[in-house]
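I have placed the structure first, in the form of structure tokens, so that the comments after it can refer back to it.
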Amino acid sequence: MIVLVVCSVLVLQFESRAADANITSGGDALWWALVTITTVGYGDFFPVTAAGRTTGVFVMFAGVGIIGALASILASVLVPPAKTEDEPGKAAAAARCRTSSSTSRRNWRRSAGRGRWVANLRVCEVGGVEWS
């Protein structure tokens with residue numbers, strides 16, 4: 001709203017000095033700013049001075065920026081966030097993994113049937129070693 005009012009006043013000041021200007025009242029200037037910022041651009045009112053056209057370029061960029069910001073907000077509401085690799089299940093699995101190569105008795109178990117001692121090692125998904 002601030003862009004509309006400020007640019008309407010500016011373009012009215014710039015165009016009021018030109019002899020062939022078609023923006024001659026506050027209502028015309030506000031209508032031109034509204035039509036320009038929404039990127040419709042009917043063409044019924046347009047600036048003829050260099051300063052007025054420069055103001056028009058600023059209003060056009062502001063309109064495109066506002067529409068882009070609103071579109072990105074709408075997209076962020078409609079599109080669900082992407083899943084990251086740091087999900088709670090993987091974080092818990094990574095916390096359980098140990099990279100120790102200790103051969104103490106607690107890291108070994110008796111195999112079923114043969115009575116031999118075997119290591120309780122298994123490679124984790126995250127690249128570590130897990131002791132079961």
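Bear in mind that the values in this text are calculations on the coordinates, not laboratory data. The structure displayed is predicted, hence computed values, not measured ones. Cβ sites come from the backbone with ideal geometry, for glycine too, and all protein chains shown count toward neighbours.
Within segment 36-68, the set of residues being under 15 Å from Met1 (Cα atoms) and small (Gly, Ala, Ser) comprises Ala62, Gly63, Gly65. Note on segment 6-55: residues that are in contact (Cβ under 8 Å) with a residue 24 or more places away in the chain, surrounded by fewer than 18 Cβ atoms within 10 Å (Cβ to Cβ) and within 31 Å of the chain's Cα centre (by Cα) amount to 3.
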